[in-house]
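Below is one structure; the comments refer to it alone.
Computed from the coordinates by the stated procedures, all read-outs in this text should not be read as laboratory data. The structure displayed is predicted, hence computed values, not measured ones. With ideal geometry, Cβ positions are generated from the backbone for all residues, glycine too; neighbour counts draw on all protein chains shown.
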Amino acid sequence: MINLDQRVAAAFLDAATSSGVAALIAEAEAAVVASEQDAEAARTRALDPTLAAPAVAAARREMEDGFFKRDRMLEAVRRLGERLGEVKRQEEQESHREAYAEALAQRDVLAAELVETYPRLAGQLADLAARVCENDKVIEHVNRNLPDGKKSLANAELLARHLKHFFDGTADIPKITTHMRLPAFKYAGLNPYTWPRQS
């Protein structure tokens, strides 16, 4: 089984994750407390005047080892804290790179779809709107000169949208041919719209 020292060392390699480093910090902090307790217990034994010299020497070595391990783990906690910041930044950058690549791919697909679709549909809608407007003029002329027994004709948009008027009693109803704006796919300063068309 890999011991704590080995796992701390591995945290400074490329495969480290922020969650793994954070867990190691908690483990190292616990090791600091345990090492200090062990060292203090060994120090208490080493200072015991009734203890034989070999046992005193062993207790002193245990005390020194405990304090050294405590100090080593304190330094590990400090360095792991710095490493945690580095790993989090790396993970954030990786997340940003993934989001960038996804946005780039989606953008390219949509740009291709716009090239394929918009000019054709905008052209069709502009042509339809122009013909509806021309027919509106014809309808107006006919309605001013109705044959006997005939009712006024509603225009094509009213008929298509099942409306009686372009007013609902409280506000104007937007008229497609009046309110529709279709920017020209290839921009030209003097002719920026496919619809409405410049006169």
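Structure values in brief
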{"quantity": "Residue-averaged 222 nm ellipticity for the chain, from DSSP H runs of 4+ at -39500 (n - 2.57), nearest 500", "calculated": "-24500 deg cm²/dmol"}
{"quantity": "Highest-MSF residue in the chain out of Ala52, Ala31, Ala39 [GNM, Cα springs under 10 Å]", "calculated": "Ala52"}
{"quantity": "Along principal axes, Cα extents of the chain, largest first, whole Å", "calculated": "133, 38, 31"}
{"quantity": "Overall dimensions of the range 123-195 by Cα: Rg and Dmax, Å", "calculated": "15.4, 50"}
{"quantity": "The range 1-80 shape via C-alpha gyration tensor axes, a/c threshold 1.5", "calculated": "prolate"}
{"quantity": "Neighbour count of at most 15 Cβ within 10 Å plus DSSP loop: longest trypsin sites (Lys or Arg not before Pro)-free window in the chain", "calculated": "1-149"}
{"quantity": "Separation between Cα centres of the range 149-199 and the range 67-146, rounded to whole Å", "calculated": "31 Å"}
{"quantity": "Cα Rg over Rh - the range 104-149, Kirkwood", "calculated": "1.45"}
{"quantity": "Positive-end residue, the chain charge dipole about Cα centroid, Cβ charges, pick of Leu128, Leu153, Thr194", "calculated": "Leu153"}
{"quantity": "Relative contact order %, the chain, counting alpha carbon pairs below 8 Å whose residues are six or more apart", "calculated": "16 percent"}
{"quantity": "Lysines with Cα under 18 Å of Lys151, excluding same-chain neighbours fewer than 8 positions away", "calculated": "Lys137, Lys164"}
{"quantity": "Candidates Thr50, Thr117, Thr170: whichever shows maximal mean-square fluctuation once the chain is modelled as a Gaussian network with Cα springs under 10 Å", "calculated": "Thr170"}
